[in-house]
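Worksheet for the structure shown next.
The values are calculated or read from the model by the stated rules, or taken from the named source; none is laboratory data. Computed from a predicted structure; not experimentally measured. Please note: Cβ atoms are built from the backbone with ideal geometry, for glycine as well, and neighbour counts cover all protein chains shown.
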Amino acid sequence: MRRSYFAILFLVTFFNARADHITGGETYYTLISSANGQFRYHVTVKLFMDCFSNRQFSNPGIIGIFNKASGARIQDVSVPLSHQETLNLTDAGPCITNPPAVCYRVGYYEFDVTLPASPDGYVISTQVNYRVNGISNLTSGYSNVGATYCGEIPGTNAHPDGPKNHSARFTGSDMVVVCANNTFSYSFAASDGDDDELFYSFCEAYVGGSIGGGGNATPPNPPPYYSVPYGNGYNGGSPLGNKVKINSSTGMITGIAPPEGTYVVTVCVQEIRDHKVIAIQRKDLQIKITSCNVAAASLPPGYMLCDNTQTINLVNFSNSPLINSYNWEIATTGGTTIYTSAAPTPSFTFADTGTYQVKLVINRNGQCADSSTTLARVYPGFVPAFSFAGICVNKPTKFTDATSTRYGLVDGWHWDFGQPGDPTATATDQHPTYTYSSLGLKNVQLIVTNTKGCIDTLVKPVQIVDKPPITLAFRDTLICIPDAVQLKASGSGVFSWTPGVNIINANSATPTVSPTSTMHYYVNLDDNGCLNRDSVKVRVVDHVTLRVMDDTIICQGDAILLHLESDGLRYEWTPAQQMPNPYIAFPTATTTFNTLYKVTAFIGSCSALGDVAVTTVPYPLANAGPDVMICYDAAVQLNGSTDGKTVQWSPIASLSNSTILNPVAKPPGTTNYILAAYDNRGCPKAGLDSVLVTVLPDILAFAGHDTAAVIGQPLQLKASGGVRYNWSPGEGLSATDIPNPIVTHFTPSNGINYKVMVYNEANCVDSAFVQVKVFKTRPSIFVPSAFSPNGDRNNDVFRFVAAGMQNVEYFNVYNRWGQLVYSTTSGANGWDGTIGGKAQSAGIYVWAVRATDYTGTVYTQKGTVTLVR
């Protein structure tokens with residue numbers, strides 16, 4: 001059992017000048033009576049309005065009646081609103097997620113009109129100035145396109161009984177819902193009171209009246225009417241994309257809905273009587289497709305693996321969150337299952353060609369259970385193709401099928417020549433002919449089938465023109481007596497050239513001409529009676545004119561652009577090895593020595609010679625000297641040399657004199673100085689060289705923090721800031737030329753000062769000092785018992801002194817609640833009695849320390865300190 005739930009929301013602009021509340025409309029009529037060549041019709045205009053709009057139907061509306069052929073206005077009818085009704089979709093079904101609210105008020109405008117029988121027939125028309133904004137299948141920027149809604153009363157030219165007619169009337173339900181990217185079907189079926197044959201097609205929606213008009217209070221403009229500006233890959237014949245089709249016999253629209261948005265859709269139904277189209281009725285809708293989801297097993301009409309693959313990618317077009325399970329099955333036509341899967345989107349590669357059955361079951365035995373079956377035809381190598389000849393308006397265009405197939409035979413063709421509204425613009429012949437009555441780009445579609453059931457579609461653009469295009473290889477050329485030249489044209493049709501003077505093969509696309517004086521040759525192209533004409537000018541001379549540039553001087557090794565004045569068509573320069581392209585009029589040459597360049601200019605067999613002498617002068621020699629490294633804030637003398645006359649250094653701001661060879665430079669940082677040398681020997685350019693003066697950063701000499709040691713235990717000094725060091729005094733040091741010597745003291749001292757000289761890469765030097773106190777004790781941590789952080793610079797911080805310690809792992813201070821208020825590994829700074837800048841209260845605090853002496857022995861100690869305020 002197959003269940004389907006479909007959803008479409010209509011938003012069609014109609015009547016009022018800003019009538020974005022109207023969501024659809026159609027016009028139909030019935031014949032009431034006829035007598036003495038007069039026909040009385042009952043006409044109905046049916047409009048839709050969103051229930052949630054706060055606007056009202058216009059009352060009255062104005063409807064125009066026009067001559068169908070000439071567009072002459074017959075009469076305008078002011079019609080009051082006849083009656084209204086409400087349509088409301090209250091239950092979209094349990095298997096639609098996020099269903100939209102669908103509710104419309106329907107307004108009817110009805111009137112009777114009596115018209116005489118007309119050879120041409122009539123057009124009944126109403127117009128509005130604006131559609132809704134943001135329509136997805138129109139070109140961006142056309143948010144205020146109007147709308148025209150019209151129907152036709154046949155004339156006697158269409159059929160002797162044409163005026164005796166009941167129009168086709170659309171009968172499909174307007175209360176349906178469609179979800180974006182889901183399969184759907186919607187009926188545009190119509191009924192006809194005369195039992196005329198009906199033919200359905202998508203057609204172009206029409207624009208409306210002039211911007212600023214009075215909407216329904218203004219009479220509509222006369223025909224002809226013009227298409228809205230389709231865009232974004234859509235057109236009147238494909239308003240919902242290439243995945244949505246209309247059945248020409250039933251009016252049923254089926255396919256996969258495009259993305260969420262609002263789309264203009266117009267369906268034309270042709271009334272055909274005795275094999276003649278007598279009238280066309282139209283229904284114009286703005287369909288709003290929403291983001292709802294349908295829980296369904298939704299498969300395409302068939303899988304065509306007819307190109308170059310045997311792998312099928314299975315996907316359910318419904319992506320509803322109500323789908324809980326998938327059961328895929330692929331079987332042969334004999335019923336043998338060859339593949340099953342419970343994956344949402346499985347893939348399968350067929351081992352052999354053939355026709356197979358694909359089945360999908362969703363939510364088996366559960367709510368919203370559904371199933372769908374389709375066929376997969378696996379016959380790779382089916383390639384649709386066609387060509388065409390003849391592209392002139394009102395002349396036959398011949399289409400030639402070139403489809404190829406590896407399996408079976410090509411057996412079916414359905415052509416659509418891209419002329420919406422013309423019932424003759426289709427064919428089922430293999431090689432049909434069609435005559436276009438209008439200019440422009442036509443999207444020709446070929447749907448082709450083979451005996452294996454493969455079907456494919458090819459769309460190719462065909463540009464219909466008023467004359468066949470001629471492409472000329474050139475429109476102006478030059479020859480030299482007694483040469484000949486071949487003219488070249490291309491296009492579709494028969495070529496002929498005039499005049500017939502000094503011409504060979506005048507009835508071909510490529511004749512050869514040899515005129516003795518300048519003349520025009522005219523080409524004529526005949527494509528099945530469609531004509532075009534163009535011309536080629538052949539200029540004739542008896543010699544080549546040539547004037548080469550004057551001799552010149554260049555700097556040695558520079559490139560020079562050689563140039564000339566000539567009517568030549570071809571050139572040869574020598575020496576060719578100095579040029580990237582020696583066969584052009586203005587080549588670039590590069591040379592390091594004096595050179596005589598020669599050129600030959602040609603027009604056919606005629607030629608002329610010329611030459612230019614190029615003298616090279618070497619660049620002035622410039623030597624800025626070797627790169628140098630200097631100390632911070634130091635100066636250095638530059639030492640340049642040259643064989644030129646003058647020099648110029650740059651940048652000049654940090655130089656004592658920028659115009660001498662040896663200025664003194666004092667750069668604020670590393671600087672690249674450029675020396676430019678000039679002379680007067682003929683090379684106007686400067687010889688260049690540069691010297692990089694690297695300025696080393698200021699030395700940050702550091703000998704370590706003052707410290708303490710104990711008698712007999714080694715102490716390691718630690719200096720930094722340079723690449724080389726020298727300590728003094730050297731007594732007791734393990735070394736004096738390293739940053740971290742070890743010193744051992746055997747007598748106590750109140751303070752020994754060590755000085756270290758710190759050098760950088762340029763041998764720049766600075767110094768630093770460290771004081772070492774030597775205690776006659778074991779390695780220990782000395783901690784004061786009190787401190788007073790009152791800002792008098794006397795005992796303001798609480799710090800420790802480490803004597804004989806290699807490193808301090810931690811020195812922590814706690815308040816009386818056990819909170820850590822200070823921690824460090826160095827005795828250099830100390831605690832100032834604050835936490836986060838906030839002064840702590842006076843009282844007793846606990847400290848703890850852990851350190852390691854130079855023998856590796858771990859030292860721990862605890863105590864208290866009093867903070868005095």
Please specify each residue of segment 310-325 satisfying the condition of being modelled with pLDDT under 90, buried (at least 18 other Cβ atoms within 10 Å of the Cβ) and polar (S, T, N, Q). Ser318, Ser320
Only one residue in Gly644, Gly610 is part of a loop (DSSP other than H, G, I, E, B), touching a residue at least 12 places away in the same chain (Cβ under 8 Å) and farther than 14 Å from Ser690 by Cα. Which one? Gly644
All-but-one check, Thr747 against (1) more than 25 Å from Thr860 (Cα to Cα); (2) in a strand (DSSP E or B); (3) of a type in the set (Val, Ile, Thr); (4) modelled with pLDDT under 90, failing number (2)
Is at least one residue of segment 724-735 in contact (Cβ under 8 Å) with a residue 12 or more places away in the chain, within 19 Å of Tyr632 (Cα to Cα) and surrounded by fewer than 19 Cβ atoms within 10 Å (Cβ to Cβ)? yes
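One residue is enough: does segment 10-20 have a residue meeting the conditions at pLDDT 80 or above, out of contact with any Asp or Glu (no Cβ under 6 Å at 6 or more places or on another chain) and of a type in the set (Asp, Glu)?
Taking segment 10-20 as the starting set, the residues that turn out to be at pLDDT 80 or above are none.
Looking for residues that are at pLDDT 80 or above, out of contact with any Asp or Glu (no Cβ under 6 Å at 6 or more places or on another chain) and of a type in the set (Asp, Glu), one finds none in segment 10-20, hence no.
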Could you run through segment 77-99 and say how many residues are in contact (Cβ under 8 Å) with a residue 40 or more places away in the chain and closer than 27 Å to Ala35 by Cα? 0
For segment 100-152, how many residues are free of Cβ contacts under 8 Å to residues at least 40 places away in the same chain and of a type in the set (S, T, N, Q)? 1
Considering segment 723-744 alone, what residues qualify as being in a loop (DSSP other than H, G, I, E, B), within 16 Å of Ala701 (Cα to Cα) and of a type in the set (Ser, Thr, Tyr)? Thr736
Selected residue [buried (at least 17 other Cβ atoms within 10 Å of the Cβ) and more than 30 Å from Val541 (Cβ to Cβ)] from Val459, Val485, Val448: Val448
Restricting to segment 116-150, what's the tally of residues that are modelled with pLDDT under 95 and part of a strand (DSSP E or B)? 10
Within segment 30-81, the residues that are among the aromatic types (Phe, Trp, Tyr) and over 22 Å from Ile280 (Cβ atoms) are Phe52, Phe57
Residue ID - farthest from the chain's Cα centre (by Cα), chosen from residues in segment 552-569 that are aliphatic (A, V, I, L, M) and assigned to a strand (DSSP E or B): Ile553
If we scan segment 424-443, do we find a residue that is of a type in the set (A, V, I, L, M), more than 17 Å from Gly390 (Cα to Cα) and crowded, with 18+ Cβ neighbours inside 10 Å? no
Tell me whether segment 58-75 contains one or more residues that are surrounded by 15 or more Cβ atoms within 10 Å (Cβ to Cβ), among the basic types (Lys, Arg), touching a residue at least 24 places away in the same chain (Cβ under 8 Å) and assigned to a loop (DSSP other than H, G, I, E, B). yes
Taking segment 156-171 and keeping residues touching a strand residue (DSSP E or B) at 6+ places or on another chain (Cβ under 8 Å) and surrounded by fewer than 16 Cβ atoms within 10 Å (Cβ to Cβ) leaves Asp161, Lys164, Thr171
For Val494, are the conditions met, namely being hydrophobic (A, V, I, L, M, F, W, C), touching a residue at least 24 places away in the same chain (Cβ under 8 Å) and buried (at least 19 other Cβ atoms within 10 Å of the Cβ)? no
Of everything in segment 172-193 that's among the hydrophobic types (A, V, I, L, M, F, W, C) and either more than 48 Å from the chain's Cα centre (by Cα) or within 16 Å of Val102 (Cβ to Cβ) (or both), which residue is surrounded by the most Cβ atoms within 10 Å (Cβ to Cβ)? Cys179
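Could we say that Thr646 is farther than 30 Å from Arg724 by Cα, exposed (fewer than 13 other Cβ atoms within 10 Å of the Cβ) and not small (Gly, Ala, Ser) here?
No, not satisfied.
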Complete set of residues in segment 279-298 that are surrounded by fewer than 24 Cβ atoms within 10 Å (Cβ to Cβ) and farther than 22 Å from Leu138 by Cβ: Ile280, Cys292, Asn293, Ser298
Of the numbered conditions (1) at pLDDT 90 or above; (2) over 30 Å from Pro80 (Cα atoms); (3) in a loop (DSSP other than H, G, I, E, B), Asn232 satisfies every one except a single condition; which is it? (1)
Considering residues of segment 820-869 that are farther than 12 Å from Ser788 by Cα and basic (Lys, Arg) only, the residue nearest to the chain's Cα centre (by Cα): Lys838
Assess whether Ile272 counts as being surrounded by fewer than 24 Cβ atoms within 10 Å (Cβ to Cβ), in contact with a Leu (Cβ under 8 Å, 6 or more places away or on another chain) and not hydroxyl-bearing (Ser, Thr, Tyr). yes
Out of Phe48, Phe111, which single residue is at pLDDT 85 or above, of a type in the set (A, V, I, L, M, F, W, C) and assigned to a strand (DSSP E or B)? Phe111
